[in-house]
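Below you'll find the structure I mean.
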Amino acid sequence: MSGQRRSTTLPQTAGQKVAGLTPAGDDHPWTGRTFSAGWSSRETLLVTLVVPELVVEVGVDVARGSAGR
């Protein structure tokens, strides 16, 4: 897969569907790390690490309108 990769928050409806995940213990490999809210952002996301029962990678295309959004 080529191009930029990043993680982002899920929309609220999608987040509710995965809300039943099991929180991870202190032995999670990412414990103590911080995550930024986006590229070039100093805002830190509040995250809940979970037990990785299923891991997937999703590739999407970015669509932008004439306003650049």
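Can you name the residue in the stretch 31-69 that is among the hydroxyl-bearing types (Ser, Thr, Tyr), at pLDDT 80 or above and part of a loop (DSSP other than H, G, I, E, B) and, of all such residues, is nearest to Gly20 (Cα to Cα)?
Going through the qualifying residues, I end up with Thr48.
Any residue in the stretch 49-69 that's within 30 Å of Gly25 (Cα to Cα): show its pairings with residues that are surrounded by 10 or more Cβ atoms within 10 Å (Cβ to Cβ) and among the aromatic types (Phe, Trp, Tyr) at Cβ separation under 7 Å, as long as the two are six or more apart or on different chains.
Leu49/Trp30
Would you pick out the residues in the stretch 9-48 that are of a type in the set (S, T, N, Q) and touching a residue at least 12 places away in the same chain (Cβ under 8 Å)?
Within the stretch 9-48, Thr9, Thr22, Thr31, Thr48 meet the criteria.
So is Val55 among the aliphatic types (A, V, I, L, M) and surrounded by 10 or more Cβ atoms within 10 Å (Cβ to Cβ) or not?
no
Let me ask you something else. Kindly provide the set of residues from the stretch 25-55 that are touching a Pro at 6+ places or on another chain (Cβ under 9 Å) and β-branched (Val, Ile, Thr), ordered by number.
Thr48, Val50, Val51
The values are calculated or read from the model by the stated rules, or taken from the named source; none is laboratory data. Every value quoted in this text rests on a predicted model; they were computed, and no experiment measured them. Because the Cβ atoms are built from the backbone with ideal geometry, glycine has one as well, and the counts that use them run over all protein chains shown.
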